[in-house]
Each structure stands twice: as structure tokens, then as C-alpha cells.
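**Student:** Have a look at this one before I ask anything.
Nothing in this text is a laboratory measurement; each read-out follows from the coordinates by a stated rule. What you see is a predicted model, and the numbers here were worked out from it, not measured in a lab. In this analysis, Cβ positions are derived from the backbone assuming ideal geometry, glycine residues included, and neighbour counts consider all displayed protein chains.
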Amino acid sequence: MRVEAYVDADGDLVLDRLSEGIVAALGAIPALLLATGDGVEERLLPRTYVDDDDEAHWQRYVRPDLEHLFASRAEIVTKDLRQVRISPDGPYYWLCIPVRHRAAWEAALMGACHALAAKAGLADDELQSGEPRGSDPTKLGALAQIQVYQALVWLILEVGGHTCPDPEVVEEFDLDADEDAAG
Amino acid sequence: MVLVRAGFPSPQGGEQIETETRTLVRTALPWNVVVHDDPITPMSYVTKVFMEVFGYGEVKAQRLMLEVHHRGRSIVWGGPREAAELHCQKLQGRHLKASLEPGSAEE
């Protein structure tokens with residue numbers, strides 16, 4: 001499974017050779033950003049202060065802004081995904097991410113990783129090792145999806161710095177290989 | 001601390017009455033923005049966010065990212081509380097696990 005990415009003449013980021021599975025994974029991002037329950041809020045909106053009064057103030061005044069930001073990103077991703085096209089090269093898909101949406105996509109992919117980890121009940125050690133205890137199929141599926149999102153973030157970061165559609169800047173990423181380690 | 005000494009003649013015109021005023025000036029302590037390690041976020045993403053949110057150069061951003069990775073946390077910024085809250089909000093908005101804690105006068 002090999003995805004290609006490059007920057008076009010307008011500075012927009014093009015993801016090419018996307019499989020149907022990757023497109024489906026991308027389609028899940030907006031719902032993940034808006035998900036509630038299963039510890040998702042604790043992941044996406046972690047505790048900020050040790051002091052309870054300070055934390056209550058933060059939750060009251062800052063949390064709504066963050067929720068609004070995540071909802072806005074969900075809308076951006078939804079809008080861009082409507083432009084997914086079948087690639088002329090074969091049974092693949094092609095997605096253009098406008099340059100002004102690039103940062104939103106990076107953050108949306110990371111948010112989706114966290115929400116997915118929470119929903120699947122993945123513990124830190126399972127995320128670190130990439131191997132869930134008991135080979136739980138739900139966790140295995142979530143881990144695979146998280147790895148796709150992480151790989152796409154890496155790809156966007158690697159390619160995004162370039163501004164011309166030179167074939168030299170085309171990056172390929174093999175989604176079966178290991179990618180950037182977690183920070 | 002400001003110390004003011006003032007001498008006034010007594011109303012009866014005898015010896016002076018000396019008063020002393022001490023004013024303790026306590027500057028607001030800085031607040032630290034702390035980023036915690038998590039097993040999901042790629043290192044390159046963390047570095048980029050530090051560069052964009054704080055305007056750090058790549059070397060400093062990478063050093064802080066590695067501190068988060070190896071020590072589990074790093075104080076990535078310190079200063080007035082209002083600015084610290086704004087930075088923390090931006091980091092959480094990018095899905096980094098960030099928190100705020102009071103700093104010490106030495107920081």
C-alpha cells in the first residue's frame with residue numbers, strides 16, 4: 001500500500017494512490033473529532049490545572065473554544081473529502097488538501113488518533129508497542145487506523161514544506177513500513 | 001521592597017517623630033507551560049508545533065521535543081499567566097498534552 005504526495009502549482013497538497021481503505025479511514029475523522037464518551041473528552045481535552053477551582057474556570061471559559069475549533073476542523077475535513085476523485089492511474093483515489101487547510105488536516109489527523117485510542121480503550125503501553133493485549137480485534141483495527149493517520153501526518157509534514165510541483169519533491173510512503181516514532 | 005523614612009517635627013515643636021514605612025512589592029510568579037509525553041504523537045509533529053506556537057528555531061524545538069520524549073515532560077515556556085494560558089490552549093488545540101503549573105521566582 002503506497003501513497004504518493006506532492007505539492008501542486010497552487011501550493012496545495014495532493015495525496016495520490018489512496019486505497020479505498022485509506023479513504024474510508026479519512027472519512028471517519030470528522031465523527032472522531034466530534035465523538036463523546038469512552039474517555040474521548042479526557043484525551044482531546046485533558047486536565048490543565050492541578051487546582052480544582054482553576055480547572056473549573058478553564059473548563060468553563062476555554063473548553064468551549066477548543067470544542068468549537070475541533071468542530072470547525074471536522075467541517076474542513078468533511079468539505080475537502082467531498083473532492084476525493086478516482087485517480088486516472090488506476091483503482092486509486094486522489095485528494096487535494098488546499099494549502100490553507102494543511103494545518104487543520106495535520107491537527108485533525110492527530111485528534112482522530114487520540115479519539116480512536118480512547119474509544120478502543122488502548123492503553124499507553126499498547127500504543128507504544130503496537131500490540132494490544134489479548135489480540136483484541138477492535139484494538140487491532142484501531143491501531144492499524146492510527147498508524148495510517150500517523151503516516152499521513154508524517155507525509156504531510158515531509159512534503160508540505162515544498163512549494164513547487166517538481167517531481168523531485170514527490171514523497172512516497174509505504175504504509176506497511178515503520179514510520180516516525182511517537183513523541 | 002521599598003523603605004521610606006521620614007522625619008517630622010512633633011506638634012509641640014520638641015524632638016522629631018520618625019516614621020518608617022515598608023512596602024513589600026511582590027511580583028507575580030511565572031506560570032509554566034508543561035508538555036507531557038504521549039505514545040501517539042509523532043516527534044516531527046511535536047517539533048513543528050513548538051516552532052509554530054512559540055516561534056522557536058528548529059534546534060530548540062527539537063531539544064524540547066526530545067526532553068518530552070525522554071523525561072516524560074518538559075517545561076516549554078514560562079511567563080505571565082495569561083500568556084501561558086493562551087499558549088497552553090494553542091497546544092491543546094493541536095492535540096498535544098499540555099498543562100499549566102505555577103513556576104518559581106528563580107525561573
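**Student:** Which of A:Y92, A:L140, A:G39 sits closest to the plus end of the dipole of segment A:29-158, meaning its Cα is farthest towards the positive end, when Lys and Arg get +1 and Asp and Glu get -1 on the C-beta?
**Tutor:** With unit charges placed on the Cβ atoms, the residue in question is A:Y92.
**Student:** Let me ask something additional. Quick check on segment A:53-106: take the gyration tensor over C-alpha atoms, sort the square-rooted eigenvalues as a ≥ b ≥ c, and tell me if it's rounded (a/c under 1.5), prolate or oblate.
**Tutor:** Because a/c hits 1.5 or more and a/b exceeds b/c, segment A:53-106 counts as prolate.
**Student:** Spelling out what I want: for every residue of segment B:50-63, take phi, set θ = phi - 60°, compute 6.51 cos²θ - 1.76 cosθ + 1.60 (Karplus), and round to whole Hz; glycine and proline get x.
**Tutor:** Per-residue couplings from phi come out as 4, 5, 7, 6, 9, x, 6, x, 4, 5, 5, 4, 5, 4 Hz.
**Student:** What whole number of Å gives the distance from the Cα centroid of segment A:1-47 to the Cα centroid of segment A:68-112?
**Tutor:** For segment A:68-112 versus segment A:1-47, the Cα centre distance is 7 Å.
**Student:** Only counting other Cβ atoms within 10 Å, I'd like A:H68, A:H57, B:H87 sorted with the fewest neighbours first.
**Tutor:** A:H68, A:H57, B:H87
**Student:** So who's got an amide H within less than 5 Å of the one on A:V3, skipping anything under 5 residues away but keeping other chains? H placed 1.01 Å off N, in plane.
**Tutor:** Close amide H contacts, sequence-distant or interchain: A:F173, A:L175.
**Student:** How big is the dipole moment of chain A about its Cα centre under a simple scheme where the beta carbon of each Lys and Arg is +1, that of each Asp and Glu is -1, and everything else is neutral? Debye, nearest 20, please.
**Tutor:** Here the size comes out at about 720 debye.
**Student:** Longest exposed-loop-site-free stretch of chain A, with trypsin sites (Lys or Arg not before Pro), DSSP loop and at most 15 other Cβ within 10 Å? It would help to have the intermediate numbers written out before the result.
**Tutor:** Details: sites that count: A:R47, A:R82.
The answer is A:83-183.
**Student:** In chain A, how does Rg compare with the Kirkwood Rh, expressed as the Rg/Rh ratio over alpha carbon atoms?
**Tutor:** When Rh is taken as the Kirkwood radius, the ratio is 1.00.
**Student:** Determine the calculated [θ] at 222 nm for chain A from helices alone, applying -39500 (n - 2.57) to every DSSP H run no shorter than 4 residues and normalising by the residue count; nearest 500 deg cm²/dmol.
**Tutor:** -16500 deg cm²/dmol
**Student:** If you don't mind, another one. Near the amide H of B:K97, under 5 Å away, which other amide H atoms are found, from residues 5 or more places off or on another chain, if H is placed in the peptide plane?
**Tutor:** B:H36
**Student:** Further question: I want to verify a result. In a Gaussian network model of chain A, Cα cutoff 10 Å, which of these has the top mean-square fluctuation: A:V99, A:V62, A:V159?
**Tutor:** Per the Cα network of chain A with a 10 Å cutoff, A:V62 tops the list.
**Student:** Cα-based Rg of segment A:39-135 per 2.2 N^0.38 Å, rounded to two decimals?
**Tutor:** Ratio of Rg to 2.2 N^0.38 Å for segment A:39-135: 1.41.
**Student:** Moving on to the next point. What's the local net charge at A:S87, with K and R +1, D and E -1, over the other residues with C-beta under 12 Å away? Please list the in-between numbers first.
**Tutor:** Numbers: positive: A:R17, A:R85; negative: A:E4, A:D16, A:E20, A:D89.
Residues near A:S87 contribute -2 overall.
**Student:** To continue, here is another question. Would you mind telling me which residue in A:W105, A:W58, A:W94 has the biggest mean-square fluctuation in a Gaussian network model of chain A, where springs connect alpha carbons within a distance under 10 angstrom?
**Tutor:** Sorting by GNM fluctuation, first place goes to A:W58.
**Student:** Sticking with this structure for a sec: With θ set to phi - 60°, apply the Karplus curve 6.51 cos²θ - 1.76 cosθ + 1.60 along segment A:88-103 and write out the HN-Hα couplings as whole Hz, x wherever there is a Gly or Pro.
**Tutor:** Karplus-based 3J(HN,Hα) across segment A:88-103 equals x, 7, x, x, 10, 10, 9, 10, 9, 9, x, 4, 6, 9, 4, 4 Hz.
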